[in-house]
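A.B. asks: Please see the structure below; I have some questions.
Read-outs: derived from the displayed coordinates by stated rules, not from any lab. What you are looking at is a predicted structure, and each value in this text was computed from that prediction instead of being measured. No Cβ is skipped: glycine too gets one built from the backbone with ideal geometry, and neighbour counts run over all protein chains shown.
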Amino acid sequence: MRERGEFERIRDIVAALPGGEGVIVGPGDDAAVLRPGDGRDLVVTTDTFVEGRHFRRDLLDAGAIGRRLAAANVSDLAAMAATPRWALVSCVAPRDADPSWLRDVELACAGSLSAAGAPVVGGNLASGDGPIAFTVTLIGDVARGAHWTRAGARPGDVLALTGFAGHAGAALASALAAQPPSFGAVPEALAERYASPPSRIALASALAACGGVRAALDVSDGLAGDLAHLCEASGVGAVVRDASFAGDRALEGAARALGVDEASLRFGPSDDYELLLAIAPEAWTGCERAARDVGVTLLAIGSCTAEREALLERADGTRAPIRGAGWNHFA
Ligand SMILES: [Mg+2]
């Protein structure tokens, strides 16, 4: 059932949305009509953010919530080597939810999606008695058959990570440890990583052009959990070198302030929206250079192995199983 004000609110939001290519019929009709290019496959993902579970209004402003919602979807397409093209944004909120706050979240989300190449071409606004929830459906495309998956890594492949692992989780843990909980007490670099996750679309496209990526996924649960997903899908194991993370001052500082082990932050629950890649060893140098050309540091953190387990190799050469569970919403 449509509530009063829905049409006005939608018109208000639609009027502020940027346009885009391939949109034959945009927002405002019963459905959008979109035209992918010849020889392209569609790549589609969706993610929902629920208040209390994925965001807290007392901790994050509307802009950060919108940007993180966009990032959750954009990084899934980056992990498939796809180019974002179009997006749908839907919201369920109680009738008394502040309309300008909802609009600010949706427009921040639409701004990030548009910057990644995907204008919002439709969506839905509904009232509900539960927590506020936003859902983005992101549609992208990729040259026919050129997508990456989590499967395909082989023993000997270089395991590479964009940016850093564990920063988002460390930022959130630091904010929650403050009294009262606040990102105001979190070092700016970490807080920024949480509020404005980077887009890895340009990097994925540069690496796809370069060739050599055999498997990929985005780190949205945490490095240990996501590495396990890649290993399982590919039927390989991994050795991750602890020394490859040396000099991560932001994580060192957070671990010290929280009184926890740095590795627990690095491998534990964290939605960093970075990419974890398995790259053919002969393609590594070219991939590293291609990443640098688009301003991204690709960190070689270890390699894939034939033994079906994930191990952390310490500086002294000893190895231990990687611990640290990722987010699991139904655990
Ligand atoms: Mg993912």
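A.B. asks: Under a crude label model (7 Å from the Cα following the beta-carbon direction), how far is E51 from W284 in nanometres?
C.D. replies: About 4.9 nm, to one decimal.
A.B. asks: Could you please rank S244, S114, placing first whichever residue has the fewest other Cβ atoms within 10 Å of its Cβ?
C.D. replies: If I rank by nearby Cβ atoms, fewest first, I get S244, S114.
A.B. asks: Taking each full run of DSSP H in the chain as one helix, which ones are at least 30 Å long along their axis (Cα atoms) and have mean Kyte-Doolittle hydropathy of at least 1.6?
C.D. replies: none
A.B. asks: Sticking with this structure for a sec: Taking neighbour Cβ counts within 10 Å as the exposure measure, how do R144, R200 sort from fewest upward?
C.D. replies: Placing the least packed residue first, the sequence is R144, R200.
A.B. asks: Among DSSP bridges having both ends in segment 12-125, what percentage is antiparallel? Round to the nearest 5.
C.D. replies: 20
A.B. asks: Using bins 5 angstrom wide from zero, how does P(r) for segment 230-323 break down, in % of all Cα pairs?
C.D. replies: Reading the bins upward from 0: 2, 11, 18, 23, 21, 15, 7, 2, 0.
A.B. asks: Just how many % of Cα pairs in segment 227-273 lie over 18 Å apart, if you round to the nearest whole percent?
C.D. replies: 42
A.B. asks: In nm², what is the average projected area of the convex hull enclosing the Cα atoms of segment 6-143?
C.D. replies: For the Cα atoms of segment 6-143, the hull's average projected area reads 7.9 nm².
A.B. asks: Consider just the alpha-carbon atoms of the chain and return their Rg together with their Dmax, both in angstrom.
C.D. replies: 20.4, 66
A.B. asks: Just subtract the alpha-carbon distance of S196 and E232 from 0.36 nm times their residue separation and send over the number in nm, one decimal.
C.D. replies: Gain on stretching S196 to E232: 10.0 nm.
A.B. asks: For A195, what is the net charge nearby, where nearby means another residue's Cβ is under 12 Å from its Cβ and Lys, Arg count +1, Asp, Glu -1?
C.D. replies: Cβ neighbours under 12 Å give a net charge of 0.
A.B. asks: Please work out the ratio of the alpha-carbon Rg of segment 158-321 to 2.2 N^0.38 Å and round it to two decimals.
C.D. replies: Here the Cα radius of gyration is 1.04 times the empirical estimate.
A.B. asks: Residues with amide H under 5 Å of T305's amide H, sequence separation 5 or more or different chain, H placed in the peptide plane at 1.01 Å from N; which?
C.D. replies: Sorted by chain and number, the residues that satisfy this are G156, G237, A238, V239.
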